[in-house]
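Readers should treat all values here as calculations from the given coordinates under stated rules, not as data from a laboratory. Everything numeric in this text was worked out from a predicted model, so none of it was measured. Here Cβ is always computed from backbone atoms with ideal geometry, including for glycine, and neighbour counts include all displayed protein chains.
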Amino acid sequence: MQNSEEFNISKARYFLDVAGEEVDGIMATIAGVELSVPIDSHNRHYAEILRQVQSGLMIEEADNENE
C-alpha cells in the first residue's frame with residue numbers, strides 16, 4: 001500500500017444509493033482528485049480513509065440528494 005502522504009485525503013462525504021435510502025460509498029478528495037470509494041474492506045482507498053478517521057479525518061454525513 002502507498003504511504004499516507006501519498007493518500008492526502010482532504011475531504012470525505014458519504015453518498016446514498018440511487019433510491020436515496022442507504023449509504024453506498026464515500027466521495028473523497030484524494031490528492032486533489034474527487035473519487036467515488038466503495039465501502040469495501042479490500043479497497044485500498046477505503047482502508048486508508050478508515051485509518052485516517054482514527055487520526056481525526058471526519059466523514060461528512062450523506063445529504064438527501066442523489067449523486
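Find the Cα radius of gyration of the chain, compare it with 2.2 N^0.38 Å by division, and give the number to two decimals.
Relative to the 2.2 N^0.38 Å estimate, the chain comes out at 1.08.
Counting DSSP beta bridges in the chain, what percent are antiparallel, to the nearest 5?
Close to 95 percent.
Measuring from a point 7 Å past the Cα of Y14 along Cα-to-C-beta, which residues in segment 35-55 have an amide N at less than 13 Å? Answer for this model: 39.
Dividing the helix sum by the residues of the chain, where each DSSP H run of 4 or more adds -39500 (n - 2.57), gives a mean residue ellipticity at 222 nm of -5000 deg cm²/dmol. For the residues I26, I39, I49, a GNM of the chain with alpha-carbon springs under 10 Å puts the largest fluctuation on I39. Along the axis of the charge dipole computed for segment 4-54 (Cβ charges of +1 for Lys and Arg, -1 for Asp and Glu, origin at the Cα centre), the listed residues G32, H45, V18 are led at the positive end by G32. In this simple spin-label approximation, V33 and L57 carry label points 7 Å from Cα along the Cα→Cβ vector, and these lie 1.5 nm apart. Between the Cα long axis of helix 44-54 and the first principal axis of the chain there is an angle of about 80°, rounded to the nearest 10.
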